[in-house]
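Asks: Here it is, the structure in full.
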Amino acid sequence: MSHDTVALELIWRRANWHAARELYKKTSREKARRILALSRRPLVIGGCGRSGTTLLLSLMSCHPKIFAIGIETVALCPDGYGADGMYNKTPDLHVPLRLDKIYQYFCDREIPESCTRWCEKTPRNVFYFERILRHFGADVRIIHIVRDGRDVITSIHPGHDNKFWVPPERWMMDVAAGRQMENHPQILTIRYEDLVRNYEATMRRISAFIEEDFVAEFLAYPDSARIKESGAWFNPAQATNDKSIGRWRDSKFDKTIASLLQEPLAIELLQHYGYLNEND
């Protein structure tokens, strides 16, 4: 192990120790221990924006053993966004994780007795998968969700409905980052299209991966969800459907789609995830 690596490890450990120490100062000893226990087997969601990360978090909130964190804490991708809150194209992957943000979130909330682990979703987690694995070890599980890039780059965000939210280069960068880790046994890659079109089968696959029972609450979505609203949605949670799949085919998007398809990496990624066929 190099001196630089040893130094980084020391910095990371100090940051983690400090976060835990501050936790005990902010809440009761009993609750602090409860929060730290929830952090032993975390679930982490990452993927390009407008790819279904929020939907997946909402779905996971149905499970009685999972406390889905209802905000993007950026705790696990601390340099994923700039000071202005916008996308950071060159994140520093060596910055210590900000577990204090997750701890603070729990300090302010009641934790159901049934919950044994938390689930955090911030899209930019996708760049930090290796760091997250290194920090939490063998008990963390990570889900990378991907979506047809043509639908992603023509998707509108409720907070910025006058422009497309994800440019082609961001989709390529984010999906390529996740692809680098797709063979790791603690990372599961799912497609948004499979999630909404083959819902039960996909949720059973996820349940097996995270080593939790497939529960009836998944079939009662959205009524059983703890997270039913999000700034990433135009409307409250709805039953899963495929209405947004293939919207890119509208002729008004031709120029935008052409800008994506002129990129060799985009073609490679679309093919890799099964989005191109002889009719496209």
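Asks: Within the range 204-214, does at least one residue satisfy the condition of being within 14 Å of Ala68 (Cβ to Cβ) and at pLDDT below 95? Steps first, answer last, please.
Replies: Filtering the range 204-214 for residues within 14 Å of Ala68 (Cβ to Cβ) gives 206, 210, 212.
Checking which are at pLDDT below 95 leaves us with none.
Scanning the range 204-214 turns up no residue that is within 14 Å of Ala68 (Cβ to Cβ) and at pLDDT below 95.
Asks: Quick one: would you say Phe234 is surrounded by fewer than 13 Cβ atoms within 10 Å (Cβ to Cβ), of a type in the set (Phe, Trp, Tyr) and not in a helix (DSSP H, G or I)?
Replies: yes
Asks: So, one more: Kindly list the number of the only condition in (1) touching a residue at least 24 places away in the same chain (Cβ under 8 Å); (2) surrounded by 15 or more Cβ atoms within 10 Å (Cβ to Cβ); (3) of a type outside the set (A, V, I, L, M, F, W, C) that fails for Thr202.
Replies: (1)
Asks: Scanning the range 140-196 for residues that are of a type in the set (Gly, Ala, Ser) and within 19 Å of Trp233 (Cβ to Cβ), which turns out surrounded by the fewest Cβ atoms within 10 Å (Cβ to Cβ)? Working first, answer last.
Replies: Residues of the range 140-196 of a type in the set (Gly, Ala, Ser): 149, 155, 159, 176-178.
Filter once more, so that each one left must be within 19 Å of Trp233 (Cβ to Cβ): 155, 159.
Details: Ser155: 17, Gly159: 8.
Here the residue is Gly159.
Asks: What are the residues in the range 256-280 that are of a type outside the set (S, T, N, Q) and modelled with pLDDT under 95, if any? Explain how you work it out, then say what you get.
Replies: First, pick out the residues of the range 256-280 that are of a type outside the set (S, T, N, Q): 257-258, 260-261, 263-270, 272-276, 278, 280.
Hits for the range 256-280 are Leu276, Glu278, Asp280.
Asks: Right, something else. How about the range 251-266: which of its residues are in contact (Cβ under 8 Å) with a residue 40 or more places away in the chain and either among the acidic types (Asp, Glu) or in contact with a His (Cβ under 8 Å, 6 or more places away or on another chain) (or both)?
Replies: Answer for the range 251-266, where residues must be in contact (Cβ under 8 Å) with a residue 40 or more places away in the chain and either among the acidic types (Asp, Glu) or in contact with a His (Cβ under 8 Å, 6 or more places away or on another chain) (or both): just Glu263.
Asks: Another question, if that's okay. Quick one: in the range 1-33, of everything that is basic (Lys, Arg) and touching a Cys at 6+ places or on another chain (Cβ under 9 Å), which residue is nearest to Trp118 (Cα to Cα)? Walk me through how you get there before you give the answer.
Replies: Step one: of the range 1-33, the residues basic (Lys, Arg) are 13-14, 21, 25-26, 29, 31, 33.
This time we only want the ones that are touching a Cys at 6+ places or on another chain (Cβ under 9 Å), so: 26, 31.
On the way: Lys26: 19, Lys31: 15 Å.
Ranking the qualifying residues of the range 1-33, first place goes to Lys31.
Asks: Quickly run through the range 102-124 and pick out the residues that are surrounded by 18 or more Cβ atoms within 10 Å (Cβ to Cβ) and in a helix (DSSP H, G or I).
Replies: Passing the criteria: Ile102, Tyr103, Gln104, Tyr105, Phe106, Pro123, Arg124.
Asks: To continue, here is another question. Name the residue, out of Glu9, Glu22, that is assigned to a helix (DSSP H, G or I) and modelled with pLDDT under 95.
Replies: On the way: Glu22 fails: modelled with pLDDT under 95.
Just a single option satisfies the conditions, and that option is Glu9.
Asks: Got at least one residue in the range 83-95 being buried (at least 21 other Cβ atoms within 10 Å of the Cβ) and in a loop (DSSP other than H, G, I, E, B)?
Replies: Applying the first criterion (buried (at least 21 other Cβ atoms within 10 Å of the Cβ)) to the range 83-95 yields none.
No, the range 83-95 contains no residue that is buried (at least 21 other Cβ atoms within 10 Å of the Cβ) and in a loop (DSSP other than H, G, I, E, B).
The values are calculated or read from the model by the stated rules, or taken from the named source; none is laboratory data. Model, not experiment: these values are computed from the prediction. When we count neighbours, we look across all protein chains shown, and the Cβ atoms used for this are built from the backbone with ideal geometry, even at glycine.
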